[in-house]
């Protein structure tokens, strides 16, 4: 099989494989760092032990996830100098400084305060420790800022010129950093990270509530996660719509692939499901809603939507992949919104902590954020093809002059090592989450731990069976 694949395809597969493993951990640690800062702030403001104990519970999980994110990111970056050395040479004057800024600001900030956050609670004052936690949270957000600035420039390149040897040279750093797609993609990614973390925290709380409804830590996990989902899920849908309109303006071929449109038309339908065929240049078995596609993309029922036939065949992204990855992301986003609305209804009825079916649903939705993030990145990166720098530098012109067997060998090594290393790390994370929060809470001496946490006790089993209505 490998003999039929050239070095370009193998290099793309290798980078896709490593970046998909990497993005899982930052999408969790970004949101979790902010969650830790909120927990510690609430503890300082209220003095309730439950916030401190949940902080300690999730801090250990954050440390493992953060470490795996750093390791996977370092390995991924080496590919710029191996499989993609031509790309690095051409875009280095732009991408290099942006990556350097990320290290000098975000990574140094995180590294400088991470040790204090993890090991300094008994060695420094409360306020100084909270400052360290806050700095780690800000560092993760700064890292997101710089990485999204670099990737967004590759999507919508501005603020540069091309010199005599074909290198992209900066002209305006403000235009490079704040390129047309950057604000939308930054907001979209940060909220995706918050939702990802909220669903992991909520699923963990639901898991423990299924075992023990009176678990004070599990109740607080679920409650805080649901509030985050209620607020952020609808905002994410709005941000996604604005991002989509920006993409229509700057990357219309990507949108055509996302929507499965091959013909340019006014009053374009919304294709709910279908199978885009790049050879036949049509979407087979399409299930459509008339005119809704134009309304969503142009906010006009009769607006014109470009189809893939408007571009030469060698400039079209793979519609089959982009079409379905986009739908996976959208369906999960709608599911998140429905989960949030359901939690509001259950909270109003006083059943949020004893609704077994809802808890089982939350447990199944635990990985939903990760799947949505991966689907979104597939949509973004495959939709940019056949370019690494959109419209200016083709992927085929970016690959290093390496032999296919060499890339195949390194890809095989990556697959084996990643599944062993990160598979073990993920198993350990899940093992930590399966540990009851009460094991940590039990270290706090109190006459009534549930009342001291400021949460109403859960209903008794008998009243729950009889359908008693309790307001928490």
Exercise for review: Mind telling me which of the residues 76, 99 ends up being under 18 Å from residue 413 (Cα atoms), in contact with a helix residue (DSSP H, G or I) (Cβ under 9 Å, 6 or more places away or on another chain) and either at pLDDT below 90 or not in a helix (DSSP H, G or I) (or both)?
Suggested key: 76
Check your understanding: Out of (1) modelled with pLDDT under 90; (2) surrounded by fewer than 17 Cβ atoms within 10 Å (Cβ to Cβ), what's the single condition that is false for residue 84?
Key -> (2)
Review point. Could we say that residue 149 is closer than 22 Å to residue 395 by Cβ, buried (at least 20 other Cβ atoms within 10 Å of the Cβ) and touching a residue at least 40 places away in the same chain (Cβ under 8 Å) here?
Key: yes
Exercise for review: Would you check if there is a residue in region 211-225 being over 28 Å from the mean Cα position of the chain (by Cα), in contact (Cβ under 8 Å) with a residue 60 or more places away in the chain, surrounded by fewer than 19 Cβ atoms within 10 Å (Cβ to Cβ) and not in a helix (DSSP H, G or I)?
Suggested key: yes
Practice item. Considering each residue of region 399-438, count those that are surrounded by 12 or more Cβ atoms within 10 Å (Cβ to Cβ), touching a helix residue (DSSP H, G or I) at 6+ places or on another chain (Cβ under 7 Å) and not in a helix (DSSP H, G or I), and give that number. Key: 5
Exercise for review: Find the residue count for region 1-17, including only residues that are in a helix (DSSP H, G or I) and at pLDDT below 85.
Suggested key: 4
Review point. Residues in region 300-314 that are assigned to a loop (DSSP other than H, G, I, E, B) and either closer than 17 Å to residue 286 by Cβ or free of Cβ contacts under 8 Å to residues at least 24 places away in the same chain (or both): how many?
Key: 3
**Study point:** Any chance residue 372 is surrounded by 17 or more Cβ atoms within 10 Å (Cβ to Cβ) and free of Cβ contacts under 8 Å to residues at least 60 places away in the same chain
**Key:** no
Study note, to complete from the structure: Here the residues within region 344-370 that are closer than 21 Å to residue 28 by Cβ and not in a helix (DSSP H, G or I) are 365, 366, 367
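Residue-by-condition table, conditions (1) over 24 Å from residue 369 (Cβ atoms); (2) surrounded by 15 or more Cβ atoms within 10 Å (Cβ to Cβ):
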residue	(1), (2)
237	no, yes
243	no, yes
249	yes, no
256	yes, yes
274	yes, yes
283	yes, yes
288	yes, yes
292	yes, yes
296	no, yes
Review point. Which numbered condition trips up residue 109, out of (1) under 30 Å from residue 222 (Cα atoms); (2) more than 21 Å from the chain's Cα centre (by Cα)?
Key: (1)
Check your understanding: Mind checking whether some residue in region 327-335 is touching a strand residue (DSSP E or B) at 6+ places or on another chain (Cβ under 8 Å), modelled with pLDDT of 90 or more and surrounded by 15 or more Cβ atoms within 10 Å (Cβ to Cβ)?
Key -> yes
Point to revise | Among (1) over 27 Å from the mean Cα position of the chain (by Cα); (2) crowded, with 17+ Cβ neighbours inside 10 Å; (3) at pLDDT 85 or above, the one test that residue 452 misses | key: (3)
Check your understanding: Just one of 112, 73 is in contact (Cβ under 8 Å) with a residue 12 or more places away in the chain, buried (at least 18 other Cβ atoms within 10 Å of the Cβ) and out of contact with any strand residue (DSSP E or B) (no Cβ under 7 Å at 6 or more places or on another chain); which is it?
Key -> 73
Practice item. Scan (1) over 17 Å from residue 226 (Cβ atoms); (2) assigned to a helix (DSSP H, G or I); (3) at pLDDT 90 or above; (4) out of contact with any strand residue (DSSP E or B) (no Cβ under 7 Å at 6 or more places or on another chain) for the single condition residue 317 breaks and write down its number. Key: (2)
Check your understanding: Do we have any residue at all in region 406-417 that's without any contact (Cβ under 8 Å) to a residue 40 or more places away in the chain and closer than 30 Å to residue 256 by Cα?
Key -> no
Practice item. Among the numbered conditions (1) over 22 Å from residue 28 (Cβ atoms); (2) assigned to a helix (DSSP H, G or I); (3) touching a helix residue (DSSP H, G or I) at 6+ places or on another chain (Cβ under 7 Å), tell me where residue 169 comes up short. Key: (2)
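The values are calculated or read from the model by the stated rules, or taken from the named source; none is laboratory data. Just so we're clear, the structure is a prediction, and the values are computed from it rather than from any experiment. Positions of Cβ are generated from backbone atoms using ideal geometry, with glycine treated the same way; all protein chains shown enter the neighbour counts.
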